[in-house]
Amino acid sequence: MGYLTNYTTAAYENGDDELYKDIELLYEGLFKEDLHIWNNVLVSSGSGSVKWYDHDIDMTKLSEKYPTVKFVLDGEGEEQGDVWKKIFLGGRMKYLLAELVWPDENLVEWV
């Protein structure tokens with residue numbers, strides 16, 4: 001079986017045809033069908049839930065090839081609350097987990 005995740009990717013640079021093609025080749029063409037430029041950013045939602053276990057390795061290699069391009073990979077796993085963002089730049093990665101935070105009840109109005 002395996003764990004499924006929905007992915008969205010963004011490259012913060014217009015890039016050239018080679019960058020565009022390299023993003024299209026990620027995980028068997030996951031981003032090929034929806035890759036477009038929006039506000040000078042290459043953006044794509046993946047074409048469905050997949051088991052892309054090596055996404056860290058693949059994205060790190062891509063960011064090494066394009067060291068000045070900031071890549072952002074968003075993931076939403078099949079379990080509730082499994083939402084994260086990974087940022088890649090120059091072969092390095094930042095890993096951000098979403099946090100669910102309750103508001104201060106003293107700041108909420110009674111209804």
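Checked against (1) in contact with a Leu (Cβ under 9 Å, 6 or more places away or on another chain); (2) farther than 24 Å from L19 by Cβ, E76 meets all criteria but (1). Is there a residue in region 44-57 that is touching a residue at least 24 places away in the same chain (Cβ under 8 Å), part of a strand (DSSP E or B) and open to solvent by 80 Å² or more (accessible area, probe 1.4 Å)? No: zero hits.
Across region 92-111, the number of residues qualifying as open to solvent by less than 90 Å² (accessible area, probe 1.4 Å) and either part of a strand (DSSP E or B) or in contact with a His (Cβ under 8 Å, 6 or more places away or on another chain) (or both) comes to 2.
The sole residue among K61, K65 that is open to solvent by 90 Å² or more (accessible area, probe 1.4 Å), under 25 Å from E33 (Cα atoms), more than 16 Å from the chain's Cα centre (by Cα) and at pLDDT 95 or above is K65.
The selection criterion, being in contact (Cβ under 8 Å) with a residue 40 or more places away in the chain and outside any strand (DSSP E or B), does not hold for G75.
Taken over region 19-33, the criterion of being closer than 16 Å to K70 by Cα and either of a type in the set (S, T, Y) or open to solvent by 70 Å² or more (accessible area, probe 1.4 Å) (or both) is satisfied by Y20 alone. In the set (1) over 28 Å from E79 (Cα atoms); (2) at pLDDT 90 or above, N14 fails one condition alone, (2). Considering every residue within region 18-39, establish whether at least one is under 21 Å from E76 (Cα atoms) and assigned to a strand (DSSP E or B). Checked against the condition, which is being under 21 Å from E76 (Cα atoms) and assigned to a strand (DSSP E or B), region 18-39 yields at least one hit.
The values are calculated or read from the model by the stated rules, or taken from the named source; none is laboratory data. Keep in mind that what you see is a predicted model, and the values were worked out from it rather than measured. Glycine gets a Cβ as well: all are built from the backbone with ideal geometry, and neighbour counts include every protein chain shown. These accessible areas exclude ligands, DNA and RNA; they are computed on the full protein's heavy atoms, side chains included. Shrake-Rupley method; radii C 1.70, N 1.55, O 1.52, S 1.80 Å.
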